[in-house]
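**Student:** Encoded as C-alpha cells, here's the structure I'll be asking about.
The values are calculated or read from the model by the stated rules, or taken from the named source; none is laboratory data. Please read all numbers here as calculations on a predicted model, not as lab measurements. Cβ placement follows ideal geometry from the backbone for every residue including glycine, while neighbour counts extend to all protein chains displayed. The accessibility values were calculated without ligands, DNA or RNA, using every heavy atom of the protein model including side chains. Shrake-Rupley method; radii C 1.70, N 1.55, O 1.52, S 1.80 Å.
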Amino acid sequence: MTALRQPYSELSPNVYAGLVQASIALEKSSLERTLLELLYLRVSQINGCAFCLEMHSKALRKAGVEQSKLDALAGWRVSNHFNDAEQAALAWAEDLTDIARTHAEDSVYQPLLTYFSAEQISDMTFAISLMNAFNRLAVGMRM
C-alpha cells in the first residue's frame, strides 16, 4: 500500500465537503441507486481507482446485484446482464470519462433521451463527473 501523498480532505475541508454534499444530493435524485452505483463502479474501473472499486462493488452486492452482473460490467456492451437504459447510461459514463478523446458526441447522448428525463440526465452527468473527481483525488493522492 502506498502512503497517502496529502490528506486532501483535511487540507481542503470546504472543497471536500462540497463534493460530499453533491454525493448526498445525488443519492436523493430520481435515479435508481443501483444505476448510480453501476456508473460509479464503471468510471472507477476505467480510472483504476482501487479504493472506489472496492467500495462500489460492496455497495452493489449489498443492494442485491448479482455477482455475475458485476463480473460482466467491464464487458457490458456484449453482456446480456444490462438492459437498454443501463447500456445508454454506461455508454455516457464511458464517454464523459474519456471526454478528451470522445467529445461527448450526440450519438452517445441521444439514446439517453429514450430512457431518462432531462433532470435525470443532468443528475447522471453530475454523478459521472463527481466520480471522476473522486477517482482523481484517490488515485492522485494515493488513497
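**Student:** Using all C-alpha to C-alpha distances in the range 12-138, build P(r) with 10 Å bins and read off the rounded percent in each one.
**Tutor:** 13, 46, 35, 5, 0
**Student:** A further question on this structure: Once label points are set 7 Å from the Cα along Cα→Cβ at both R33 and T102, what is their separation, rounded to one decimal in nm?
**Tutor:** Inter-label distance under the simple model: 2.7 nm.
**Student:** What number comes out for the charge environment of D123, summing +1 per Lys or Arg and -1 per Asp or Glu over other residues with Cβ under 13 Å away? Show your work: numbers first, answer last.
**Tutor:** Working: positive: K28, R33; negative: E27, E32, E119.
Net charge around D123: -1.
**Student:** Which net charge results for the neighbourhood of D95, defined as the other residues with beta-carbon distances under 12 angstrom from its beta-carbon, given Lys and Arg at +1 and Asp and Glu at -1? Intermediate values should be presented prior to the final figure.
**Tutor:** Details: positive: R42, R101; negative: E94, D98, E105, D106.
Overall, the nearby charge balance is -2.
**Student:** While we're here: Between the alpha-carbon centers of the range 66-115 and the range 40-58, tell me the distance in whole angstrom.
**Tutor:** 15 Å
**Student:** If the cut-off is 24 Å between C-alpha atoms, which lysines fall inside it for K28, apart from same-chain ones fewer than 8 positions away?
**Tutor:** K58, K62
**Student:** Carbon-plus-sulfur fraction of the accessible area of the chain, 1.4 Å probe, in percent? Intermediate values should be presented prior to the final figure.
**Tutor:** Numbers: 4410 of 8130 Å².
On the chain, the fraction of accessible area on carbon and sulfur atoms equals 54 percent.
**Student:** How far is helix 118-140 tilted, in degrees, relative to the longest principal axis of the Cα atoms in the chain, given as a value from 0 to 90 rounded to the nearest 10?
**Tutor:** 40 degrees
**Student:** Run the numbers for I46 and D71: contour at 0.36 nm per residue of separation, minus the present Cα-Cα distance, in nm. Write out the running numbers ahead of the final one.
**Tutor:** Working: separation 25, 0.36 × 25 = 9.00 nm, distance 1.44 nm.
Extra length from I46 to D71 when fully extended: 7.6 nm.
**Student:** Once the whole set of protein chains is in place, how much accessible area is left on R5, using a 1.4 Å probe, in Å² to the nearest 10?
**Tutor:** 130 Å²
**Student:** Just to confirm a number: summing +1 for Lys and Arg and -1 for Asp and Glu over residues other than L113 whose beta-carbon lies under 13 angstrom from that of L113, what do you get?
**Tutor:** Values: positive: none; negative: D84, D106, E119.
For residues surrounding L113, the net value is -3.
**Student:** Something else about it: Taking only protein heavy atoms and a 1.4 Å probe, what accessible area per residue, in Å², does the chain have with all protein chains in place? Walk me through the intermediate numbers first.
**Tutor:** Numbers: 8130 Å² over 143 residues.
Normalised by residue count, the accessible surface of the chain is 57 Å².
**Student:** Leaving out ligands, DNA and RNA but keeping every protein chain, what accessible area does F134 have, in Å² rounded to the nearest 10, with a 1.4 Å probe?
**Tutor:** Near enough 40 Å² of accessible area.
**Student:** Enter the angle in degrees (range 0 to 90, nearest 10) between the Cα long axis of helix 33-47 and the first principal axis of the Cα atoms of the chain, meaning the one along which they spread out most.
**Tutor:** The angle comes out near 70 degrees.
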